[in-house]
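The values are calculated or read from the model by the stated rules, or taken from the named source; none is laboratory data. All values reported here derive from a predicted model rather than from experimental measurement. No Cβ is skipped: glycine too gets one built from the backbone with ideal geometry, and neighbour counts run over all protein chains shown.
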Amino acid sequence: MEPQKEISQPTNKIETPGKDQEERCCSNICDKNDEKEPSSPNQGDFSDPVYKELALANGTINRMNREELRAKCAELKLDTRGVKDVLKKRLKSYYKRQKLMHSAAAGGNGDVYYDYICVVDFEATCEENNPPDYLHEIIEFPMVLIDTHTLEIVDSFQEYVKPEVNMQLSDFCVKLTGITQKMVDEADTFHTVLKRAVSWLQKKELGTKYSYMFLTDGSWDMGKFLYTQCRLSRIRYPKFAGKWINIRKSYGNFYKVPRTQTKLICMLENLGMHYEGRPHCGLDDSRNIGRIAIHMLKDGCQLRVNECLHLGEPRSVPISAPIEGAPAPQNPRSRD
Ligand code: AMP
Ligand code: MG
C-alpha cells in the first residue's frame, strides 16, 4: 500500500507555464484514494478464505514477467496491451472480480459508483510562459459522456467561448490549442455557454434519474480554470462541479505508478493506446481521457470522486467520504 502523504494545498496563484506543470501542484494533494488490492488489511472483514486465495494469486502475479503476464491475459481473453504494471493490475482485478462478484453484476460491470462519468477538459487563454498572475479565461468548453454500464462514450458537447478580459488570443495559444481568433470572436461568453452546458446535462437526466460525476485530467480544470472563470464572469461556482475524479490520481493509485507517468500521453501509451486527434483540442483531449477512464473501468478500477473545491482551492477527498454522485446541474447564479 502506498504511504499516505501529508496534505499540502496547492494555490491557485501558482505560476502556470503549462498545464502539465500541474504535476508539481497535483502531487501536493494527498493520495488517500488508493484503490486497494483485496489483501489490504484495512478494507473491512478479510476473514473469508477467499482473501487468502486472492493474496496467493496476487503473489504469483507479482512474480510474473511481462511475457507471462501477457500470456495469462491472452488465456483469460483479457486485453494484452499495456506495460507490466498495467497487465499486473488487470490480472489482479480480474481475479478479484471473479472471486468476489457473485451478484448479478458478475462478469459485467455492475460495481461502478456512478451511472455516467462526464469528462471535462477546458482550454484557456495562455502565453508561452504564463506569468505568475496570468488570468486564464476559458475558450473551449467540451464534455464527453461515458456510460459506465456499457463502457462507451455515448455523447459529447463542445462550444467555444469568447474571452471577456483579454479578447485577443496570443499566437502561442492559437498554435497550442488550434482555436482561432475567429472561433472565439463568433462564440458566446462563458455565462451563456455554461447555461447551454447545464441544459445539455439536464436533458441527460444527470443528477436526477442517473448518478454521475465529473472527471478531469488533473486538478486545474475545476480548481483553476472554472474557478477563475466563474469569478471573472461574476457567477457563483456551480455546486455540481464541486467534486470530481482526478484521473491522474486514480491512475497513479490504481496502477501503482509515480506521478511522472500520469500525463495524458503517458497514461495512454502505458495502456497500449495512442492519442487520437489533436492534442490540446479540448474535445479530443476529453475523448482521449475518456478512453483511459473506460480502460480503467474495464481493468476493474472503481473510479470514484477524489478531489473537491474547498475555499477556492482543490483538495483531496478522503476515501472514507460517502460516495454520492454530483448534484443535479442548475443554471448559473450571479455572485451579487
Ligand atoms: P491542456 O488540457 O493540456 O490542453 O491544457 C489546458 C490549458 O492549459 C490550455 O488551453 C492552456 O491554456 C494551458 N496550457 C497547456 N499547456 C500549456 C503550455 N505548454 N504553455 C502554456 N499554457 C499551456
Ligand atoms: Mg486540453
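What about Y275, is it of a type in the set (S, T, Y) and over 21 Å from L309 (Cβ atoms)?
yes
Hey, among the residues in the stretch 117-126 that are within 16 Å of the chain's Cα centre (by Cα) and hydrophobic (A, V, I, L, M, F, W, C), which one's farthest from ligand 1 (Cβ to nearest atom)?
Of everything passing the filter in the stretch 117-126, I117 is farthest from ligand 1 (Cβ to nearest atom).
Could you please let me know if I323 is modelled with pLDDT under 95, surrounded by fewer than 16 Cβ atoms within 10 Å (Cβ to Cβ) and among the hydrophobic types (A, V, I, L, M, F, W, C)?
So I323 fits the description; yes.
When residues of the stretch 202-237 are filtered for being assigned to a helix (DSSP H, G or I) and closer than 16 Å to T189 by Cα, how many remain?
8
Output yes when any residue across the stretch 247-265 is of a type outside the set (F, W, Y), away from ligand 2 (no atom under 16 Å from the Cβ), touching a strand residue (DSSP E or B) at 6+ places or on another chain (Cβ under 8 Å) and over 24 Å from V154 (Cα atoms), and no when none is.
Yes, there is a match, as at least one residue in the stretch 247-265 is of a type outside the set (F, W, Y), away from ligand 2 (no atom under 16 Å from the Cβ), touching a strand residue (DSSP E or B) at 6+ places or on another chain (Cβ under 8 Å) and over 24 Å from V154 (Cα atoms).
Would you point out the residue of the stretch 212-234, among those that are more than 16 Å from ligand 1 (Cβ to nearest atom) and surrounded by 18 or more Cβ atoms within 10 Å (Cβ to Cβ), that is farthest from the chain's Cα centre (by Cα)?
Only one residue fits best here, namely S233.
Within the bounds of the stretch 169-187, is there any residue that is away from ligand 1 (no atom under 12 Å from the Cβ), surrounded by fewer than 17 Cβ atoms within 10 Å (Cβ to Cβ) and either of a type in the set (K, R) or at pLDDT below 95 (or both)?
Yes, the stretch 169-187 contains at least one residue that is away from ligand 1 (no atom under 12 Å from the Cβ), surrounded by fewer than 17 Cβ atoms within 10 Å (Cβ to Cβ) and either of a type in the set (K, R) or at pLDDT below 95 (or both).
Matching residues to (1) near ligand 1 (Cβ under 10 Å from one of its atoms); (2) not aliphatic (A, V, I, L, M):
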position: E128; (1), (2): yes, yes
position: I139; (1), (2): yes, no
position: M143; (1), (2): no, no
position: I146; (1), (2): no, no
position: M167; (1), (2): no, no
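Return yes or no: is V154 hydrophobic (A, V, I, L, M, F, W, C), surrounded by fewer than 22 Cβ atoms within 10 Å (Cβ to Cβ) and either within 14 Å of ligand 1 (Cβ to nearest atom) or part of a loop (DSSP other than H, G, I, E, B) (or both)?
So V154 does not fit the description; no.
Of everything in the stretch 144-182 that's in contact (Cβ under 8 Å) with a residue 60 or more places away in the chain and of a type outside the set (A, V, I, L, M, F, W, C), which residue is nearest to ligand 2 (Cβ to nearest atom)?
T177
Looking at L283, L309, L297 in this structure, which one is modelled with pLDDT of 95 or more, within 16 Å of ligand 2 (Cβ to nearest atom) and surrounded by fewer than 22 Cβ atoms within 10 Å (Cβ to Cβ)?
When all the criteria are applied, what remains is L283.
Only one residue in M267, M273 is within 14 Å of ligand 1 (Cβ to nearest atom) and out of contact with any Leu (no Cβ under 9 Å at 6 or more places or on another chain), so which one is that?
Going through M267, M273 in turn, just one is within 14 Å of ligand 1 (Cβ to nearest atom) and out of contact with any Leu (no Cβ under 9 Å at 6 or more places or on another chain): M267.
Which one of the conditions (1) surrounded by fewer than 19 Cβ atoms within 10 Å (Cβ to Cβ); (2) closer than 17 Å to V144 by Cα; (3) touching a Ser or Thr at 6+ places or on another chain (Cβ under 9 Å); (4) small (G, A, S) does G272 fail to meet, given that it meets all the rest?
Unmet condition: (2).
Answer yes or no as to whether S250 is within 22 Å of V305 (Cβ to Cβ), more than 14 Å from ligand 1 (Cβ to nearest atom), within 16 Å of the chain's Cα centre (by Cα) and outside any loop (DSSP other than H, G, I, E, B).
Yes.
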